[in-house]
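Shown next, in structure tokens, is the structure this report addresses.
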Amino acid sequence: MTRFTTATAILAALTASAASAQTMINTDGASFKGSTVRFQNIEAPNKGYLVIHATENGEAVVPGSLGHAMLEAGTNDEVRIDIGEEFEADTTYVAMMHDETNGNDSYDFGEGSTDVDTPTMSGDNAVTREFIVSKAMLSGSAADQNNNEADRDADDVAQGLDNGMSENESSDDGQMKDHDGMSKDGDMDMDTNMSVDADGVDHSMMMPSVTSEQIRISGNKATFSQVHASQNGYLVVHAVENGEPVVPGALGHTSVDAGISEDVTVTIDAPFEKGTSYVAMLHTETNGNDMYEFGEGMTDVDVPAMADGQPVVLSFTNK
């Protein structure tokens, strides 16, 4: 059994009901085009809706909504929501799950109708997931991407890395804490950080993620069913102490190419211990030498990959 978080206060986040509610809405691999967002996989306990809300002053604007899509109870693949206007870069939105309560298969929750199609609850918390739409996540058609490739602003990507690495305090919604002198710089060399594969496909707009659905552990090897990487890089396994990944030190790593990699195996020096938590973290190859060098005294190279301003991490426990 695995659980996902984008926190360094990982163990604490996993025991909090609010965090548990968030994990029911999986934003890994979400993609944006104009006014539409596509979620790869949503697990719903009941038939209902996934609803997008705007935010004001850090809170979801309810009962009003921007758009919604129907959910069936169970696993929902390729969930698309059109909010009627283009998603704005550097803007925070909230995805909220609602139950279908009156049997008419029509989303009715709104002003004057807050007693129907109400938010799905996990304990005392509504099931929500906050996400930030970065400029790198806003993509058009493949043709548009090729036409505009020369105009991409690499500074936006580097700035997002700077912002994510400067979050030094853990919080309830799981921001990564600087640990053991992790660099706050992390500038990337966009020329050596390859995102185009051998077939000429550009993966730079892909939302990086490590799939949590299946992790196979045998001895000192952990195999992850799927890894999404927007650039060439590495999947790195870190130990966990006091609920936080031990960085910049690492237990083991393996290289991953830009795009989708399946059955990615990381080997560590000693067998994975039963009942022990670990963190898999995606790193980017930044200096073009195809060697993982992020570590003590070298935290400005092969830095953690970022999504929504946060490092891409997956917490897992060897059961």
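The values are calculated or read from the model by the stated rules, or taken from the named source; none is laboratory data. Treat the numbers as computed from the prediction; the structure is a model and nothing was measured. Please note: Cβ atoms are built from the backbone with ideal geometry, for glycine as well, and neighbour counts cover all protein chains shown.
Please go through region 65-82 and give me each residue that is touching a residue at least 40 places away in the same chain (Cβ under 8 Å), within 20 Å of D28 (Cβ to Cβ) and surrounded by 14 or more Cβ atoms within 10 Å (Cβ to Cβ), ordered by number.
V79, I81
Considering each of V279, V237 in turn, give the residue that is out of contact with any helix residue (DSSP H, G or I) (no Cβ under 7 Å at 6 or more places or on another chain), part of a strand (DSSP E or B) and buried (at least 21 other Cβ atoms within 10 Å of the Cβ).
V237
Given (1) crowded, with 17+ Cβ neighbours inside 10 Å; (2) under 21 Å from D28 (Cβ atoms); (3) of a type in the set (A, V, I, L, M, F, W, C), identify the lone condition not met by A250.
Looking at each condition in turn, A250 falls short on (2).
Check region 109-122 and report whether any residue there is closer than 20 Å to D28 by Cβ, part of a strand (DSSP E or B) and among the aliphatic types (A, V, I, L, M).
Checked region 109-122: no residue is closer than 20 Å to D28 by Cβ, part of a strand (DSSP E or B) and among the aliphatic types (A, V, I, L, M).
Please verify whether R129 is closer than 24 Å to Q226 by Cα and buried (at least 18 other Cβ atoms within 10 Å of the Cβ), treating the condition exactly as stated.
On the way: closer than 24 Å to Q226 by Cα: yes; buried (at least 18 other Cβ atoms within 10 Å of the Cβ): yes.
So R129 passes the test.
Looking for something closer than 18 Å to E100 by Cβ, modelled with pLDDT under 85 and crowded, with 17+ Cβ neighbours inside 10 Å - is there at least one such residue anywhere in region 9-17?
Checking region 9-17: not a single residue is closer than 18 Å to E100 by Cβ, modelled with pLDDT under 85 and crowded, with 17+ Cβ neighbours inside 10 Å.
Considering each residue of region 300-319, count those that are within 19 Å of the chain's Cα centre (by Cα), surrounded by fewer than 21 Cβ atoms within 10 Å (Cβ to Cβ) and within 23 Å of N242 (Cα to Cα), and give that number. Don't jump to the end; show me each part of the working.
Our first condition is that a residue be within 19 Å of the chain's Cα centre (by Cα); within region 300-319, this holds for 302-317.
The next check asks that each one be surrounded by fewer than 21 Cβ atoms within 10 Å (Cβ to Cβ); those that pass are 308-309, 317.
Those still in the list that are within 23 Å of N242 (Cα to Cα) too: 317.
So the count comes out to 1.
Considering only strands (runs of 3 or more DSSP E) fully contained in region 23-98, which possess at least 1 residues that are under 19 Å from the mean Cα position of the chain (by Cα)? Write out each step before concluding.
On the way: elements: 31-33, 36-44, 48-56, 67-71, 74-82.
It comes to 31-33, 36-44, 48-56, 74-82.
Looking for whichever is assigned to a loop (DSSP other than H, G, I, E, B), farther than 24 Å from S31 by Cα and aliphatic (A, V, I, L, M) here; the options are A222, A270. Which one fits?
A270 is the lone residue from the list that is assigned to a loop (DSSP other than H, G, I, E, B), farther than 24 Å from S31 by Cα and aliphatic (A, V, I, L, M).
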